[in-house]
Amino acid sequence: MRGENVGRASATGPVVVLGFGAAAVSALCALREAGFAGPVTVVTDAGPEPYSPVLTSYYAGGRIGYGQCFPWKDLDFEALIDDLVTASPVEAVDAGAREVVLPDGRRIGYAKLLIATGAHPVAPGFPATAPYRPLVLRTMADADRLREALEGVQRKSVLVAGTSMVGLKVLEACLDRGGRATMLGRSAHILRSSAHPLVAERLERLLVERGVALRLSQAAVSAAAHDGTRGCTVRFDNGDAEAFDEVVLAQGARPNLAFVRDSAVEVREGVVVDRFMRTSAPDVFAAGDVAQALDLSSGRERVIGLWQNAVQQGRCAGAAIAAELAGRAPTRPYPGSIPSNTIHVQDILFSSAGALAEGEGTRIEASEAGGALTVRAYAYRRGKKQLVGFNVLAVATDGGLYGDAVDEIGAYRREILNAYL
Amino acid sequence: MIRKSLCFDAKKCVGCYACAVACMDQNDIDVVGDGVAYRFVAHVEGEDGGDVRIAHVSMACMHCEAAECLDACPAGALHRDEASGAVVVRRELCIGCHACAMACPFGIPRFGRDGTMQKCDACYARTRFGYGPACAEICPTGALTFEEVNDAADAKLKRFGRSLV
Ligand SMILES: Cc1cc2nc3c(=O)[nH]c(=O)nc-3n(C[C@H](O)[C@H](O)[C@H](O)COP(=O)(O)OP(=O)(O)OC[C@H]3O[C@@H](n4cnc5c(N)ncnc54)[C@H](O)[C@@H]3O)c2cc1C
């Protein structure tokens with residue numbers, strides 16, 4: 001894949017990529033496709049083969065095997081990377097010295113640095129459960145723990161704390177393993193940031209019909225670990241107490257940036273980047289779940305932790321690094337994105353894109369066809385009524401097929417993007 | 001390498017469905033049973049100076065150069081076949097997540113009863129041996145053709161030029 005000798009890293013070191021996930025792999029490909037032939041070092045806290053966090057719930061639920069969680073089987077990593085440092089969580093970035101510091105104290109100089117270390121799950125406000133350790137889901141190690149916990153014992157009771165996309169994916173894994181799942185959320189409805197209340201209500205009903213217990217508008221106030229066995233008894237703010245075999249926290253994620261203590265790299269919600277994924281520190285780039293980029297629907301710079309964004313930002317960063325090393329200005333900026341989602345829970349498919357918040361100037365239209373509920377949000381932009389958000393909720397028919405409404409989701413998403421671009 | 005690609009001229013399409021049938025035959029698709037059609041023919045009505053006009057559009061995956069479905073697939077189930085340039089699905093890796101359906105503005109990804117995505121692969125099994133895609137080979141009016149990309153772009157430019165004079 002290495003092209004002609006267009007770019008070379010300077011004497012100060014190679015191109016160093018921190019992390020080995022979607023954004024990193026995409027950047028590596030773009031770097032080589034642009035003809036960069038100099039040395040590349042990748043530092044990851046994980047193993048030698050990159051995995052997809054998206055696949056972890058499918059693996060934990062038993063839908064796919066371990067080997068299928070590594071989606072880049074066809075890539076020739078030897079052509080992309082000269083030095084792959086594994087099991088090595090980077091300790092620090094020293095932007096002044098243009099070096100990264102590894103846990104063994106080793107320092108690696110860089111000509112250009114890409115931070116692509118993704119995110120980790122957080123559990124704001126969930127009470128301590130020690131000595132029981134609740135589960136989370138992001139890495140392959142997390143997936144192995146969840147799989148082990150769900151495997152074997154039938155009818156295990158599992159509390160999924162959090163009603164986000166990841167929460168629903170964990171819920172599906174539980175149901176696939178024959179578990180009894182309870183979903184806990186502080187809001188009145190699930191998927192607070194992406195589902196319109198009409199759709200959320202319907203989805204909640206469908207989940208209850210499939211045996212899921214919902215504890216909405218509730219919070220856990222304390223948890224007491226069980227003696228000898230796994231799990232804990234959780235007390236809720238409505239006075240209820242319930243025993244669970246397992247608790248899975250799916251309350252959101254934060255960028256992996258503990259090693260960025262150097263104030264030269266500006267960090268707010270994520271690393272602040274320009275449209276070529278350049279940070280405030282010279283020669284340092286960031287992409288994927290660590291970076292806050294343009295959310296077209298809100299007009300704000302924020303972290304939209306989605307696979308496709310990570311791939312596209314990584315590509316943009318890789319191409320920009322190659323261009324700068326070849327002495328050219330980068331030309332293809334990252335255009336921004338809109339939040340978008342597709343989530344399955346068994347025979348249910350929920351998809352959404354854009355913004356659905358009701359407000360002045362926004363008009364909500366709901367329709368039902370072929371068993372699917374569609375809610376669309378329109379707003380007047382540039383003097384025209386334009387689609388700015390949608391939800392489609394569909395249930396597969398006996399034959400396992402979703403109706404025509406689902407065939408429209410890509411066209412809706414494009415229409416929303418066109419409203420902003 | 002000069003690549004060939006499928007080209008469509010709406011002015012020549014009569015909506016006969018020969019392309020859709022040839023596609024089903026080539027790919028052994030039983031749409032009455034479990035199959036999902038890869039090629040569709042849409043009939044579009046419009047008005048032109050008071051006259052009603054009907055256009056027919058034969059549609060399948062366009063194997064876009066910047067294919068968003070490739071970026072969206074988190075499972076490695078979609079890849080570009082280097083030789084033909086076709087965007088190809090590996091159904092055994094597809095998890096049925098519909099991320100490709102969300103990414104494709106043309107509504108091309110369709111899902112079978114097994115939950116996996118299915119779509120046109122530009123007959124790359126035929127084209128690698130020098131045959132054209134089944135749909136283009138059968139088209140009786142020359143609306144669907146399999147042409148070298150440069151020739152197709154050239155013909156398009158000429159058509160546009162003619163429409164101006
Ligand atoms: C269960 C689950 C389901 C999801 N489902 C979807 C979905 O359906 N659709 C969707 O669009 N998105 C989904 N996502 C989000 C998606 O996985 C991420 O947006 C995407 O993986 C981000 O890519 P990334 O490269 O930024 O991060 P990652 O893919 O997480 O890669 C980060 C890399 O950095 C490494 N790393 C971390 N810390 C360090 C360190 N200190 N030093 C060195 N290396 C480090 C990690 O090991 C990893 O290799 C899901 C996420 C989860 C957890």
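We did not get these values from a lab; they are worked out from the coordinates using the rules stated. Bear in mind that the values here come from a model prediction, so they are computed numbers and not experimental data. All Cβ positions, glycine included, derive from the backbone under ideal geometry; neighbour counts span all protein chains shown.
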Would you check the protein assembly as shown for Lys pairs whose C-alpha atoms are within less than 15 Å, ignoring same-chain pairs closer than 8 in sequence, and give me the count?
-> 4
Between A:LYS73 and A:GLU266, what is the label-to-label distance in nm when each label sits 7 Å out along the Cα-to-Cβ direction?
-> 4.4
Where Lys and Arg each count +1 and Asp and Glu each count -1, what net charge lies around B:ALA125 among other residues with Cβ under 15 Å from its Cβ?
-> 0
Let me know the mean shielding of B:65-74 by other chains, meaning the per-residue number of their Cβ atoms within 10 Å of its Cβ.
-> 5
Take B:PHE160, project a point 7 Å from its Cα along the Cβ direction, then tell me which residues of region B:1-38 have their backbone nitrogen under 16 Å from it.
-> B:8-10
Rounded to the nearest whole number, the Stokes-Einstein translational diffusion coefficient of chain A at 10 °C and 1.306 mPa s (Kirkwood radius, C-alpha pairs) in µm²/s is 69
At a Förster radius of 25 Å, what calculated FRET efficiency corresponds to the Cβ-Cβ distance of A:ARG235 and A:SER193, to the nearest 0.05?
-> 0.35
From the residues B:VAL89, A:THR41, B:HIS79, which one has its Cα farthest along the dipole of the protein assembly as shown in the positive direction, the dipole being from +1 and -1 charges on Cβ of Lys/Arg and Asp/Glu about the Cα centre?
-> A:THR41
Which whole-Hz couplings ³J(HN,Hα) result when phi for each residue of region A:264-278 is put into the Karplus expression 6.51 cos²θ - 1.76 cosθ + 1.60, θ = phi - 60°, listed in order with x for Gly and Pro?
-> 5, 9, 6, 10, 10, 5, x, 6, 6, 10, 8, 6, 10, 6, 8
For the charge dipole of region A:359-421, defined by +1 on Lys and Arg C-beta atoms and -1 on Asp and Glu C-beta atoms about the Cα centroid, which residue among A:GLY371, A:GLY399, A:ILE416 has the Cα displaced farthest towards the positive pole?
-> A:ILE416
What dipole magnitude, in Debye to the nearest 20, does region B:62-119 give about its Cα centre under +1 on Lys/Arg Cβ and -1 on Asp/Glu Cβ?
-> 260
How big is the Rg/Rh ratio for region A:92-196, C-alpha atoms only, Rh by Kirkwood, two decimals?
-> 1.13
Toy charge model, Lys and Arg Cβ at +1, Asp and Glu Cβ at -1: region A:50-120 dipole around Cα centroid in debye, rounded to 20, equals 260
Considering only the other residues whose Cβ falls under 15 Å of the Cβ of A:GLN292, what net charge follows from Lys and Arg at +1 and Asp and Glu at -1?
-> 0
In debye, nearest 20, what is the charge dipole magnitude of chain A about its Cα centre with +1 on Lys and Arg Cβ and -1 on Asp and Glu Cβ, if you could check?
-> 740
At A:ASP144 and B:VAL57, where each label point lies 7 Å from the Cα along Cα→Cβ, what is the point-to-point distance in nanometres?
-> 5.0
Just from its helices, what would the mean residue ellipticity at 222 nm be for the protein assembly as shown, if runs of 4 or more DSSP H residues each count -39500 (n - 2.57) and the sum is divided by every residue, rounded to the nearest 500 deg cm²/dmol?
-> -6500 deg cm²/dmol
Degrees between helix B:149-164 axis and first principal axis of chain B (Cα, 0 to 90, nearest 10) = 30
Vicinal HN-Hα couplings computed from phi for region A:244-261 (Karplus, 6.51 cos²θ - 1.76 cosθ + 1.60; Hz; Gly/Pro x) | 10, 6, 9, 10, 10, 8, 9, 9, x, 9, 10, x, 7, 9, 4, 7, 9, 9
If one compares the long axis through the Cα atoms of helix A:197-209 with the longest principal axis of the Cα atoms of chain A, the angle in degrees, nearest 10, works out at 70
